[in-house]
1. Looking at B:LEU303, B:LEU272, can you tell me which residue is open to solvent by 30 Å² or more (accessible area, probe 1.4 Å) and within 14 Å of chain A (Cβ to nearest Cβ)?
2. Determine if the stretch B:317-324 includes at least one residue that is of a type outside the set (Asp, Glu), in contact with a Leu (Cβ under 9 Å, 6 or more places away or on another chain) and in a helix (DSSP H, G or I).
3. Please go through the stretch A:51-91 and give me each residue that is β-branched (Val, Ile, Thr), under 18 Å from the mean Cα position of the chain (by Cα) and open to solvent by less than 10 Å² (accessible area, probe 1.4 Å), ordered by number.
4. Applying the selection to the stretch B:27-47, what residues are over 11 Å from B:TRP254 (Cβ atoms) and open to solvent by 10 Å² or more (accessible area, probe 1.4 Å)?
5. Does the stretch A:43-50 include one or more residues that are more than 10 Å from chain B (Cβ to nearest Cβ) and open to solvent by 50 Å² or more (accessible area, probe 1.4 Å)?
6. Among (1) over 17 Å from the mean Cα position of the chain (by Cα); (2) within 21 Å of B:GLY189 (Cα to Cα); (3) at pLDDT 90 or above, there is one condition B:LYS260 misses while meeting the rest; what is its number?
7. Of the residues A:MET214, A:MET261, which single one is in contact (Cβ under 8 Å) with a residue 12 or more places away in the chain, of a type in the set (A, V, I, L, M, F, W, C), within 14 Å of A:ILE17 (Cβ to Cβ) and out of contact with any strand residue (DSSP E or B) (no Cβ under 7 Å at 6 or more places or on another chain)?
8. Please indicate, with yes or no, whether at least one residue in the stretch A:205-218 is under 14 Å from A:VAL28 (Cβ atoms) and buried (at least 22 other Cβ atoms within 10 Å of the Cβ).
Amino acid sequence: MSEFIPIILDVSSYILILVLVALGLMIVFGMMGVINMAHGELFMIGAYVMVAAQSVGLPFLAGVILAPIVVGFLGLLIETALIRHIYLRPLDTILATWGLSIALKQLVVLTFGPESHSVPLPIDGSLELGTFSYPLYRLILMATSVLLIGGTFWLFTRTNFGLMARAVIARPDTAATLGIDTRRMYRWSFVIGTALAGLAGALVAPIISVDPQMGLGYLVPGFLSILVGGAGPLAGVLVGGTVIGGVNNLLAIWISPVAAMITVYIIAILIIRLKPEGLMGGRRAK
Amino acid sequence: MRSNLLALLVFAALAAAPILIGGYWTGQLTTYLVYGLLAMSLSLVWGYGGILCFGQAMFFGIGGYIMAVLTKGMILPELTSSYLGLIAAMAGSALFALALGYFLFAGRGISGAYLAIITLAMALVLERLMNNWYALGGYNGLLNVPPIKLTFFGASFELWDRMPTFYAVLAVVALVYLLVSWLLNSTYGLKLTANRTHPDRLASLGYNVLIIRLSVFALSAAIAGLAGAIFVTLDGFASPTLIGFTLSTEALIWVAIGGKEMLLAAFLGAILTRTAESWLSEIFGDYWILILGIAFMISVVLLPKGLLATPLEKLTQGKGRKSR
């Protein structure tokens, strides 16, 4: 039994990280119908903010605070300079944000170099319970992810902002007639989505290798999670993330990472094709 | 009429180019012509067919691998004819596209962003698969793919030297351009436009939208497959990068910068971007990719018809008459 617990914890931690990354994507996609292909790069920049913060001697916590601020500000910039002009052309947002992702990736290569960086674990210890032991930082990371995911759900289901946001998703024109500034809602949703990506990057940085190409490895599973779960209700991303992350990790352990990736992508493609509204239902493909 | 004149000028300029640019660049230009063919296939399916395919290199790679496997004699040692390889490459890519297209478009098919994500995921799957398919070379790919061997009336000729290879490839590209332009100007082109803009009305007029979509998807795949098949004979090897994600997105950038709704502009987009890349990357170094990314963004946001197509259309359009 005890040999299964680390596996379950590893899988859960992967799922939580995936959901955290996908959540930002989901807010932007569900809310504005914008496919942000640069989301993986924003996640990557969050990790690099942590690298930079550590290299000037700032503590880990400072990096955690700085990353969402820096990346959120970048998001504001991107929204103002790019996304705002192509809201009404959803397919073009895919291409424009793809161009953005290339540019951001190259900017990071030019600033930090193409090699990979590592961030030391802020907490070295591990939790020991009898024969069972697990790195403490991973446990804290999981707890933080749960809190962040819960917090985002709370924001979108229990606050005034969330109510307005959901009104804008459901009936943009009616919401605008009722005096909600939809453009402003879009802008802040985009900033929240990007700040979440930056925060996720900073938190995950110590347990992965940080390099300019890391974004894509999270972007595609993130999108598949959203589409598999359903882009309507926020809960869809939990279901999708669990399916994609869970199957991927378990198969990687039991068979091989290659077989896992191929199987998961094909399962995801099948689900998206046969149930385009996602497992949880919601917005139909435009 | 004017657009035909423009195409004639472009191909004449390309035919004259080797005199000016010398041997090395002629070799490079041959490769760019093949990329141009891939760009045309993407322009056909995306600009005219309305299907945003994020994995167009899938078909390029499939064509390339079929050509390599056949002409290396890995299946039947006696059957290594280049003609057979080219035909099989086109047919194989088209069949794969038909199967994938039927899966994606039949019934309440998917479109738009969902299609983009699925084709992107498919390209990643195929790339990973080829990286680990050891019978087909795995990560290292297939080496020593023989050059194309032309045989007519008993005489045979290997496309090995730069000049004959360049003109043979140019002839193929020009022929494909002619055929596709002719097709797009026929009633089929009209159906494609209707399918792109008002598929419901097209269906209510009694046309089978699925067949139109499948046919354009398969035709585009066949052209991409042909490009891939030619490509592996030029370099002499087929590798997983041909089938994958990077080439797919590069093709997307060429076509978006050139102009997806204009075959010639998409073709020129590929050639000019690649040429600019090999010249400017020496000057700008690592900044080149940054510039390319920004140019791509600008062309999508400000000139959705393409950086090249916008001026070219002005040039080819007579007074107030739309060319399409």
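1. Details: B:LEU272 fails: within 14 Å of chain A (Cβ to nearest Cβ).
Step by step, each of B:LEU303, B:LEU272 is checked, and only B:LEU303 is open to solvent by 30 Å² or more (accessible area, probe 1.4 Å) and within 14 Å of chain A (Cβ to nearest Cβ).
2. Restricting attention to the stretch B:317-324, the residues satisfying the condition of being of a type outside the set (Asp, Glu) are B:317-324.
Still in the running and in contact with a Leu (Cβ under 9 Å, 6 or more places away or on another chain): B:324.
Keeping just the survivors that are in a helix (DSSP H, G or I) gives none.
Checking the stretch B:317-324: not a single residue is of a type outside the set (Asp, Glu), in contact with a Leu (Cβ under 9 Å, 6 or more places away or on another chain) and in a helix (DSSP H, G or I).
3. At the first step, the residues of the stretch A:51-91 found to be β-branched (Val, Ile, Thr) are A:51, A:56, A:64-65, A:69-71, A:78, A:80, A:83, A:86.
From the residues that got through so far, the ones that are under 18 Å from the mean Cα position of the chain (by Cα) too are A:64-65, A:69-71, A:78.
Listed by number, the list holds a single entry, A:VAL71.
4. Just the residues of the stretch B:27-47 that are over 11 Å from B:TRP254 (Cβ atoms), to begin with: B:27-31, B:33-34, B:37, B:41, B:44-47.
Of everything in the stretch B:27-47, those that are over 11 Å from B:TRP254 (Cβ atoms) and open to solvent by 10 Å² or more (accessible area, probe 1.4 Å) turn out to be B:GLY27, B:GLN28, B:LEU29, B:THR31, B:TRP46.
5. To start, the set of residues in the stretch A:43-50 that are more than 10 Å from chain B (Cβ to nearest Cβ) comprises A:43-50.
Keeping just the survivors that are open to solvent by 50 Å² or more (accessible area, probe 1.4 Å) gives none.
No, there is no match, as no residue in the stretch A:43-50 is more than 10 Å from chain B (Cβ to nearest Cβ) and open to solvent by 50 Å² or more (accessible area, probe 1.4 Å).
6. With (1) over 17 Å from the mean Cα position of the chain (by Cα); (2) within 21 Å of B:GLY189 (Cα to Cα); (3) at pLDDT 90 or above applied to B:LYS260, the lone miss is (1).
7. Values: A:MET261 fails: within 14 Å of A:ILE17 (Cβ to Cβ).
Exactly one residue qualifies, and that residue is A:MET214.
8. Filtering the stretch A:205-218 for residues under 14 Å from A:VAL28 (Cβ atoms) gives none.
The answer is no, given that none of the residues of the stretch A:205-218 is under 14 Å from A:VAL28 (Cβ atoms) and buried (at least 22 other Cβ atoms within 10 Å of the Cβ).
The values are calculated or read from the model by the stated rules, or taken from the named source; none is laboratory data. If you're wondering where the values come from, they're calculated on a predicted model, not measured in any experiment. Virtual Cβ from ideal backbone geometry, glycine too; neighbours counted across all protein chains shown. These accessible areas exclude ligands, DNA and RNA; they are computed on the full protein's heavy atoms, side chains included. Shrake-Rupley method; radii C 1.70, N 1.55, O 1.52, S 1.80 Å.
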